[in-house]
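Heads up: the structure comes next, in structure tokens.
The values are calculated or read from the model by the stated rules, or taken from the named source; none is laboratory data. Bear in mind the structure is a predicted one, so any value in this text is a computation, not a measurement. Ideal geometry is used to build each Cβ from the backbone, glycine not excepted, and the neighbour counts take in all protein chains shown. Ligands, DNA and RNA are excluded from the accessible area calculation, which covers all protein heavy atoms including side chains. Shrake-Rupley method; radii C 1.70, N 1.55, O 1.52, S 1.80 Å.
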2 protein chains.
Amino acid sequence: MTGSERGPRERMVFSAAQLIRRGGVTATGMRDVAAHAGAPRGSLQYYFPGGKEQMVNEAVGWAGRYAGNRVARFLAALPEPTPAGLFAAMVGQWTDEFLASGYDAGCPVAAATVDCAGTSAATRSAAAAAFATWTGPVAGALEEMGVPAGRAPALATLMISAIEGAIVIARAERDVRALTTVARELGPLLDASVVPPG
Amino acid sequence: MTGSERGPRERMVFSAAQLIRRGGVTATGMRDVAAHAGAPRGSLQYYFPGGKEQMVNEAVGWAGRYAGNRVARFLAALPEPTPAGLFAAMVGQWTDEFLASGYDAGCPVAAATVDCAGTSAATRSAAAAAFATWTGPVAGALEEMGVPAGRAPALATLMISAIEGAIVIARAERDVRALTTVARELGPLLDASVVPPG
DNA sequence: ATAACGCTATGACAGCCGTCATAATAGACC
DNA sequence: GGTCTATTATGACGGCTGTCATAGCGTTAT
């Protein structure tokens, strides 16, 4: 997740996501992004002729792709794949980060939605797309574990909703309690939705 | 929820919550709040000597109290109180508002957390308190319905986490799908946690 | 009448914001 | 060398921000 050793453009997109995660979209200045990425200020209007909105949208897209890709890795790391195990891994990524690095950073997609849903149609759409590229792999994984195809997308949405909400509560409380709670309470429900093959 | 017919101070707190709901904390200017409340600009530094932070914190507190009070009303309106019924009512409040008034406004507590958790300890604390004054009545209601006392707070946290997350997704998608989904998928789990008396 | 008090009015301050215009640099290719 | 392209540098613009200082009004109380 270090995002170093890439081109200055990619570094800026990554830095934008990182700063949006912390203070929200409005509090994130373009000059701050360039500085955080170690990129020259003059590159801003060169790489992002669409202005701040373009930069924010790309950061949101990056975050969505990042979350989607993580699903496959979580799956591969599980000794035996179960829905509850996948959910615990997704939650664990957040509890680990909170406990290790503090509660200053949340989900950039949620931050962009909260700050821009009412003002920028493009950013709102980018956020919806990001949620879709996150929910898709989760639903696919559930299906592979034996969850009926008609149920998997709904459960994936439930999982991500619970995580997003628990992230917010955890940041407010400075405690991972909400995250561990949703993992514990939701796990049995998820595993119970698996239909044995045959 | 109209907040009219109150003193100018209360109107400003209410207006602050209303504007924060839409654009986030950083995008909400104090002059905007006064204008939205129909209050004179000169009253800002008189009623809120603690500056913007004080105003935001009071708006967050107001929102928490509002959400907490709604729980008792939902309960009273239910023909026969069940956990799934309460949850459906809580979700229904949001789906109704989204369908009637559009997707421009979310939860002010979540917005304040996303925007200020890393920068203002007081606001972060106010958000945590708001979540507590919301979760408390929900847990109490569950308990009265027969949910074991040891389980009720956890389920209340799960309910609110799922709602908060679904609100964000719904706003991004401009669709109540996420909200109706969590209500449908979580309802049976909640009702199943009721232990018959005896 | 005079004083006190609750509230409002107004203007200014420094600072940051996104955006634009324009010039300068550096390297590659012919 | 000349030319073209890719990238960067720099400065300025208008506008908005939260905050402060200070004066003003209108009512009430003494």
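Data overview
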item	result
One residue from A:Thr135, A:Thr113 being touching a helix residue (DSSP H, G or I) at 6+ places or on another chain (Cβ under 6 Å), open to solvent by less than 10 Å² (accessible area, probe 1.4 Å), free of Cβ contacts under 8 Å to residues at least 60 places away in the same chain and away from DNA strand D (no atom under 16 Å from the Cβ)	A:Thr113
Qualifying position, being in contact with a helix residue (DSSP H, G or I) (Cβ under 7 Å, 6 or more places away or on another chain), aliphatic (A, V, I, L, M) and at the interface with another protein chain (Cβ under 7 Å from one of its Cβ atoms), among B:Leu155, B:Leu179	B:Leu155
Every pair of residues 6+ apart whose Cβ atoms lie under 8 Å, when the first sits in the range A:185-198 and is away from every other protein chain (no Cβ under 14 Å) while the second is part of a helix (DSSP H, G or I) and surrounded by 18 or more Cβ atoms within 10 Å (Cβ to Cβ)	A:Val194/A:Pro83
Residue count, the range A:158-176 (criterion: more than 9 Å from chain B (Cβ to nearest Cβ) and either open to solvent by 50 Å² or more (accessible area, probe 1.4 Å) or aromatic (Phe, Trp, Tyr) (or both))	0
Criterion violated by A:Ala84 - all others in (1) in a helix (DSSP H, G or I); (2) within 16 Å of DNA strand D (Cβ to nearest atom) satisfied	(2)
Output for the range A:18-36, where each listed residue is farther than 17 Å from B:Gly24 by Cα and more than 12 Å from DNA strand D (Cβ to nearest atom)	A:Gln18, A:Asp32, A:Val33, A:His36
Residue among B:Gly29, B:Gly24, B:Gly7 that is within 14 Å of chain A (Cβ to nearest Cβ), open to solvent by less than 60 Å² (accessible area, probe 1.4 Å) and either touching a strand residue (DSSP E or B) at 6+ places or on another chain (Cβ under 7 Å) or within 11 Å of DNA strand C (Cβ to nearest atom) (or both)	B:Gly29
The range A:54-87, residues that are within 13 Å of DNA strand C (Cβ to nearest atom) and either free of Cβ contacts under 8 Å to residues at least 12 places away in the same chain or surrounded by fewer than 17 Cβ atoms within 10 Å (Cβ to Cβ) (or both)	A:Gln54
Residue in the range B:102-119 that is more than 8 Å from chain A (Cβ to nearest Cβ), farther than 16 Å from A:Ala172 by Cβ and of a type in the set (Gly, Ala, Ser) present	yes
Selection within the range A:95-110 - among the hydrophobic types (A, V, I, L, M, F, W, C) and open to solvent by 30 Å² or more (accessible area, probe 1.4 Å)	A:Leu99, A:Ala100
Filter result for A:Ala141 (surrounded by 22 or more Cβ atoms within 10 Å (Cβ to Cβ) and within 27 Å of B:Asp175 (Cβ to Cβ))	no
Test for B:Glu143: is it farther than 24 Å from A:Val91 by Cβ and free of Cβ contacts under 8 Å to residues at least 40 places away in the same chain	yes
Residue satisfying all of: in the range B:36-52; more than 10 Å from DNA strand C (Cβ to nearest atom) and farther than 12 Å from B:Phe14 by Cα; surrounded by the fewest Cβ atoms within 10 Å (Cβ to Cβ) among these	B:Pro49
